[in-house]
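Data first, discussion second: the structure below is written as structure tokens.
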Amino acid sequence: MDIINKIEKLIESALEALGIDSSSVEIEVEAPVDSSYGEYSTNIAMRLASSLKKNPMEIAQNIVDSLGEDIDIEKVDIANPGFINFHLSNRYFLAEIAKIIEKTEYLQFDEKDGQKIVIEYTDANPFKEFHIGHLYSNAVGESFSRLQEAVGADVIRACYQGDVGLHVAKSLYGLEKKLAEEKKRFEDLEKLSLEERVKYLGQAYVIGSTQYDEIKDPEVINEVNDINYYIFSLTSDSIEKKDFSEYEKRNIAQMYKKGRQWCLDFFEKIYEKVGTKFDHYFFESEVGEAGLKIVLEYVGKIFEKDDGAIIYRGDEKKNLHTRVFVNSHGLPTYEAKEIGLALKKKEDLDYDESVVITADEQSGYFKVVLDALSRIDPDVAQKIRHFAHGKVKLPGSSKMSSRKGGILSGEWLINETKSRVKDIMKTNDGLSGVILNRVSEKIAIGAIKYAFLKVTIGRDIVFDFEKSITFDGDTGPYLMYVYSRCNSILKSAGKLANPKNVCIDPCMESPETKHLVLQISRYRKALLDSASSYSPSILCQYLFSLGQSFNSFYQAVHVLDAPNEQREILLLIVKATMLIMKDGLKNLGIDVVEKM
């Protein structure tokens, strides 16, 4: 039983012994800011004072007198104005360290055992740049996935990619125009590297978007709309067929299919680099047809016709706006495709919970879609949880725009961060060549992910290179270095003692050691809190506190030079710190490195 639950049970029993109904009041056990007041404390006496019409100090004393004994609790005392403080025994701390070292399953939970959770994230679109926002969504989604797996859930990682739609048509229009201006054939692009081909498509998208959205040339708008219709017709049986012979002569379908595959292959290289392996891919080309049929089926019931389009009229009382689900050309919009996606997910994966991660600018859109879905299939809508994340900027930069070509790509951020880390790491004589390159990339990705995840989901992030890659402070590299330092100490020490054969008491006289051991014992709660609330920032805060505690311990206690009887337990404490740091970073999606 977890120590907090154990203390809560002791309090419940004490209340029952005093004739107080424990279900009538919430028992809260928390860690006091000042550790001199014990490792855990409760204000239950103050919460009962009003109903019992007694002094909280008197109630606290009565509760303490009625508490049963427990070997994990050394003593219990009270403090004004009625706190009950619990001081844990050294035996408890040693047992915690032993469990961490001997039982890897001790760092796992079964709270969501048997639950199937689909987590959809990243959602990069072919024919558009894989930008920093996609990298952020990936970091959040991967951490969500690992945290849910840590509490026992069966997680299915899903990615939804827009392989049809106006952005594709704009890119294909721009591609033809760019090839013509440069007097190239589409086949010439196949001689380029994958990265160069994808970059070329991104440049083509900017050309098409500029013509369509800014210059607003009527001929271009009609041409892009027709290309969009043609591409959708390749995967749909529901829309009216037209004469597409012109597009077939121009090999639009071939350019579309090859360009789509180039982008998907490129995305996979990034996913591998950041440690993500998706279990299931959904595409707009798959769900658009289904979404269109559903909207058409519910016209007059949920949706309504409006000036050639089909709309969902949002309820102003719910602060929902009206959105188009089928446009005037008879094509499904993002909204209709989202309906098709939600139902296909349920059909294919039969989940208990579906988590969707998007940028916060899609929050209003998503509320309307979920409201419409709740009237089509309430059970599916109820199981969907939407998390909106903020924007990522560099210091002094404004909002990114792929349409204007001012986008910051995810690959660029990784490479730039890696380059800066490598400059720092070159001072390490033990790393060179291939190893330096591999270690620098791991550290760079850890720096980026931690900088993203330590901020509460929903807030905007300013990614500062210097602040994010420093090895001193609240950064991923700092925590990775703590792991590496622990590993170095243990390699120098050799074989470790059996936790059952050591005594922890002499070492606990050191405040730095006691504080580190206390931090170690609190990992499970931090992990559970982070997972249950889908808040990676909670785990980040914990790991930084653990790192600080270890740093103070390292400076004050010379582990390898300590007397033998103390050295044995100190090394076990170092081992427990290392294992927790590794497990915590793993649950954030960050790999450790053995040497830095």
Inset, instruction - Mind pulling the angle between the C-alpha long axis of helix 252-274 and the longest principal axis of the chain? Nearest 10 degrees, somewhere in 0 to 90. - result: 10 degrees
Legend entry - Pairwise centroid distance, computed over Cα atoms, of the stretch 84-125 with the stretch 310-363, Å: 36 Å
Inset, instruction - Return one quarter of the surface area of the convex hull spanned by the alpha-carbon atoms of the chain, equal to its mean projected area, in nm². - result: 33.2 nm²
Inset, instruction - Would you pull out the residues with amide H under 5 Å of Val355's amide H, same chain only if 5 or more places away, H placed 1.01 Å from N? - result: Val118, Ile119, Glu120, Arg385
Legend entry - Whole-Hz couplings from phi, Karplus 6.51/-1.76/1.60, listed for the stretch 587-596; x for Gly and Pro: 6, 9, x, 10, 7, 8, 10, 6, 9, 10
Legend entry - Near-label residues of the stretch 77-94 by backbone N, under 15 Å of a point 7 Å along Cα→Cβ of Ser36: 78-80
Inset, instruction - Grab the Cα-Cα distance for Lys344 and Asn501, subtract it from 0.36 nm times how many residues apart they are, and report the gain in nm with one decimal. - result: 50.8 nm
Inset, instruction - Report Rg/Rh for the stretch 490-582, rounded to two decimals, where Rg is the Cα radius of gyration and Rh the Kirkwood radius. - result: 1.01
Inset, instruction - Using a 1.4 angstrom probe on the protein heavy atoms only, line up Thr322, Thr475 by accessible area, largest first. - result: Thr322, Thr475
Inset, instruction - Would you mind working out the magnitude of the charge dipole of the stretch 199-253 relative to its Cα centre, with +1 at each Lys and Arg C-beta and -1 at each Asp and Glu C-beta, to the nearest 20 Debye? - result: 240 debye
Legend entry - Nearest-0.05 FRET efficiency for Tyr106 and Asp307, computed from C-beta distance (R0 41 Å): 0.05
Inset, instruction - Could you check the simple spin-label distance between Leu192 and Ala493, using points 7 Å along Cα→Cβ, in nm with one decimal? - result: 5.5 nm
Legend entry - Tyr478 accessible area, assembled protein chains, probe 1.4 Å, Å²: 20 Å²
Legend entry - For the chain, share of DSSP beta bridges that run antiparallel, in % to the nearest 5: 45 percent
Legend entry - Those aspartates and glutamates that a straight Cα-Cα span of less than 12 Å connects to Lys525, excepting residues fewer than 8 apart in one chain: Asp2, Glu30
Inset, instruction - Would you mind getting the accessible area per residue of the chain, heavy atoms of the protein chains only, 1.4 Å probe, in Å²? - result: 45 Å²
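Rg to Rh for the stretch 277-399: what is it, with Cα atoms only and Rh by Kirkwood? Display every interim value, and only then the final one.
On the way: Rg = 15.4 Å, Rh = 15.4 Å.
Value, to two decimals: 1.00.
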Inset, instruction - Using only protein heavy atoms and a 1.4 Å probe, report how much of Asp2 is accessible, in Å² to the nearest 10. - result: 50 Å²
Legend entry - Degrees between helix 218-233 axis and first principal axis of the chain (Cα, 0 to 90, nearest 10): 70 degrees
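Given the Cα-Cα distance of Met46 and Lys269 and 0.36 nm per residue of separation, how much length would full extension add, in nm?
Values: separation 223, 0.36 × 223 = 80.28 nm, distance 5.75 nm.
Stretched out fully, the Met46 to Lys269 stretch lengthens by 74.5 nm.
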Legend entry - Span per principal axis, largest first, for the Cα atoms of the stretch 429-551 (Å): 48, 42, 22
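Carbon and sulfur: what percent of the chain's accessible surface (1.4 Å probe)?
46 percent
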Legend entry - Alpha carbon convex hull of the stretch 44-120, volume per residue in cubic angstrom: 198 Å³
Inset, instruction - Lys and Arg at +1, Asp and Glu at -1: add these up for the other residues within a Cβ distance under 9 Å of Glu28 and post the number. - result: -2
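Counting only protein chains, not ligands or nucleic acids, how are Trp412, Trp262 ordered by accessible area (probe 1.4 Å), most first? Mind dumping the intermediate values first?
On the way: Trp412 95, Trp262 15 Å².
From most accessible down to least: Trp412, Trp262.
What do you reckon, how do Asp591, Asp70 stack up by accessible area (1.4 Å probe), largest on top? Working shown, then result.
On the way: Asp591 85, Asp70 40 Å².
Heavy-atom accessible area, descending, gives Asp591, Asp70.
Relative contact order for the chain: what percent, with Cα pairs under 8 Å and sequence separation of 6 or more?
Working: 937 pairs, mean separation 85.1, N = 596.
RCO, the chain: 14 percent.
Can you count the Lys pairs in the stretch 148-242 with C-alpha separation below 14 Å, eight or more apart or on different chains? Please list the in-between numbers first.
Details: Lys170/Lys178; Lys170/Lys216; Lys178/Lys199; Lys191/Lys199.
Taking the stretch 148-242 as the scope, the lysine pair count is 4.
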Inset, instruction - At 7 Å along the Cα-to-beta-carbon direction for both Ser24 and Lys241, put a label point, then send me their distance in nm to one decimal. - result: 7.7 nm
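The values are calculated or read from the model by the stated rules, or taken from the named source; none is laboratory data. Computed from a predicted model, the values in this text were never measured in an experiment. No Cβ is skipped: glycine too gets one built from the backbone with ideal geometry, and neighbour counts run over all protein chains shown. The accessibility values were calculated without ligands, DNA or RNA, using every heavy atom of the protein model including side chains. Shrake-Rupley method; radii C 1.70, N 1.55, O 1.52, S 1.80 Å.
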